[in-house]
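Q: Okay, here's the structure, questions in a sec.
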Amino acid sequence: MNEKEFFHHDRPKSMTNVREGLKYALARPDIYVVMLMVFFLGTFGLNFQIFNALMATKEFGKGPASYGLLGTFVAIGSFSGAIASARLERFRKTRFVILAGGVFAVAVIVLSVMPNYTAYAIFLPICGITALTTMITANSIVQVNSDPAIRGRVMGIYLLIFMGGTPVGSPLIGIMAEVVGIRLTIAGCGAIALLATLIIWIKFKDLVEVPSDISVDAVLKSANRNQNNQTK
């Protein structure tokens, strides 16, 4: 190798990378709407480890073995959802994530009124299917529809939003369960997720088409142009 032919590129600062990824995501309604959905569903809906533990012990008077079995039923639904999502290639759009998220939120509400352990366990796979179908579709949308040059930064933001709601949601759910009981807590979590889904659908359903050019330069230029038009 001839070192004289090498080109030196300065490494950008890490915060510059993060800001650029954030600007790109905020300029793409089809991406940041998915992130909003993931935040609300992940924070309030994907808490089966808490839901199942309290329902099994407090509501149904079961022991550790029965609680562990509930995890198996969730896993069955999750596995089915993973298989189903692989066959839903043509539905991988942001609108589908919103609709599927709404179905999952309704499933969580229905889960809260299951009258006994058997009915609760039988219904858990439905929650698992809708949850995994929504989350896998959301993940693939963010990855596939992002410019490869900035995909890693966008996915980093996505994962931060997805996992960042847990420190907020888990303690809140625990407090709610102590105050109003686990059934009302599960129903409330589903209701919050459903309300957020309805608001997102009404506000953004017509703004989530994937742009023809997803490159960083094209997206940011378009966003700046739209911002300038709004200020005039």
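This table checks each residue for (1) crowded, with 17+ Cβ neighbours inside 10 Å; (2) under 13 Å from PRO125 (Cα atoms); (3) modelled with pLDDT under 95.
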{"site": "GLY42", "(1), (2), (3)": "yes, no, yes"}
{"site": "ASN47", "(1), (2), (3)": "yes, no, yes"}
{"site": "ILE50", "(1), (2), (3)": "yes, no, yes"}
{"site": "MET55", "(1), (2), (3)": "yes, no, no"}
{"site": "LYS58", "(1), (2), (3)": "no, no, yes"}
{"site": "PRO64", "(1), (2), (3)": "no, no, yes"}
{"site": "PHE79", "(1), (2), (3)": "no, yes, yes"}
{"site": "ALA82", "(1), (2), (3)": "no, yes, yes"}
{"site": "ALA86", "(1), (2), (3)": "no, no, yes"}
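Residues checked against (1) over 30 Å from VAL216 (Cα atoms); (2) exposed (fewer than 14 other Cβ atoms within 10 Å of the Cβ); (3) of a type outside the set (Lys, Arg):
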residue	(1), (2), (3)
ARG92	no, no, no
THR130	yes, no, yes
ASN139	no, no, yes
VAL179	yes, yes, yes
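Q: For MET37, work out the one condition from (1) surrounded by fewer than 17 Cβ atoms within 10 Å (Cβ to Cβ); (2) touching a residue at least 40 places away in the same chain (Cβ under 8 Å) it doesn't fulfil.
A: The failed condition is (1).
Q: Which numbered condition trips up VAL208, out of (1) surrounded by 13 or more Cβ atoms within 10 Å (Cβ to Cβ); (2) of a type outside the set (Gly, Ala, Ser); (3) over 22 Å from the mean Cα position of the chain (by Cα); (4) modelled with pLDDT of 90 or more?
A: Every listed condition holds for VAL208 apart from (3).
Q: I'd like to check something: does the stretch 101-115 contain any residue that is farther than 20 Å from VAL142 by Cβ, over 17 Å from the mean Cα position of the chain (by Cα), polar (S, T, N, Q) and surrounded by fewer than 17 Cβ atoms within 10 Å (Cβ to Cβ)?
A: So far as the stretch 101-115 goes, no, none of its residues is farther than 20 Å from VAL142 by Cβ, over 17 Å from the mean Cα position of the chain (by Cα), polar (S, T, N, Q) and surrounded by fewer than 17 Cβ atoms within 10 Å (Cβ to Cβ).
Q: Would you be able to say whether some residue in the stretch 176-196 is closer than 25 Å to THR57 by Cβ, part of a helix (DSSP H, G or I), touching a residue at least 24 places away in the same chain (Cβ under 8 Å) and among the basic types (Lys, Arg)?
A: Yes, the conditions are met somewhere in the stretch 176-196.
Q: Let me ask another. Exactly one of these conditions fails for ALA121: (1) buried (at least 19 other Cβ atoms within 10 Å of the Cβ); (2) within 18 Å of ASN52 (Cβ to Cβ); (3) touching a residue at least 60 places away in the same chain (Cβ under 8 Å). Give me its number.
A: Looking at each condition in turn, ALA121 falls short on (3).
Q: Would you point out which residue out of THR133, THR118 is in contact with a Leu (Cβ under 9 Å, 6 or more places away or on another chain) and not hydrophobic (A, V, I, L, M, F, W, C)? Before the answer, list the steps.
A: Numbers: THR118 fails: in contact with a Leu (Cβ under 9 Å, 6 or more places away or on another chain).
On inspection, the qualifying residue turns out to be THR133.
Q: Something else: So which of ALA75, ALA65, ALA56 is more than 27 Å from PRO29 (Cβ to Cβ), assigned to a helix (DSSP H, G or I) and touching a Lys or Arg at 6+ places or on another chain (Cβ under 9 Å)?
A: Details: ALA75 fails: touching a Lys or Arg at 6+ places or on another chain (Cβ under 9 Å); ALA65 fails: touching a Lys or Arg at 6+ places or on another chain (Cβ under 9 Å).
Every option except ALA56 fails the conditions.
Q: Let me ask you something else. In the stretch 66-73, is there at least one residue being within 22 Å of CYS189 (Cβ to Cβ), crowded, with 17+ Cβ neighbours inside 10 Å, among the hydrophobic types (A, V, I, L, M, F, W, C) and under 19 Å from the mean Cα position of the chain (by Cα)?
A: So far as the stretch 66-73 goes, no, none of its residues is within 22 Å of CYS189 (Cβ to Cβ), crowded, with 17+ Cβ neighbours inside 10 Å, among the hydrophobic types (A, V, I, L, M, F, W, C) and under 19 Å from the mean Cα position of the chain (by Cα).
Q: With respect to VAL168, is the statement that it is surrounded by fewer than 19 Cβ atoms within 10 Å (Cβ to Cβ), of a type in the set (A, V, I, L, M) and not in a helix (DSSP H, G or I) true? Before the answer, list the steps.
A: Numbers: surrounded by fewer than 19 Cβ atoms within 10 Å (Cβ to Cβ): yes; of a type in the set (A, V, I, L, M): yes; not in a helix (DSSP H, G or I): no.
Here the answer is no, as VAL168 does not meet what is asked.
Q: Would you mind finding the one in ASP206, ASP213 that is among the acidic types (Asp, Glu), outside any helix (DSSP H, G or I), more than 19 Å from LEU22 (Cα to Cα) and out of contact with any Gly (no Cβ under 9 Å at 6 or more places or on another chain)? Before you say what the answer is, go through the steps one by one.
A: Working: ASP213 fails: more than 19 Å from LEU22 (Cα to Cα).
Checking each option against the conditions leaves just ASP206.
Q: Only one residue in PRO148, PRO167 is closer than 18 Å to LYS23 by Cβ and without any contact (Cβ under 8 Å) to a residue 40 or more places away in the chain, so which one is that? Working first, answer last.
A: On the way: PRO167 fails: closer than 18 Å to LYS23 by Cβ.
Just a single option satisfies the conditions, and that option is PRO148.
The values are calculated or read from the model by the stated rules, or taken from the named source; none is laboratory data. In this text, all values refer to a predicted model and were calculated from it rather than measured experimentally. Reconstructed Cβ throughout: ideal geometry from the backbone, glycine too, with neighbour counts over all protein chains shown.
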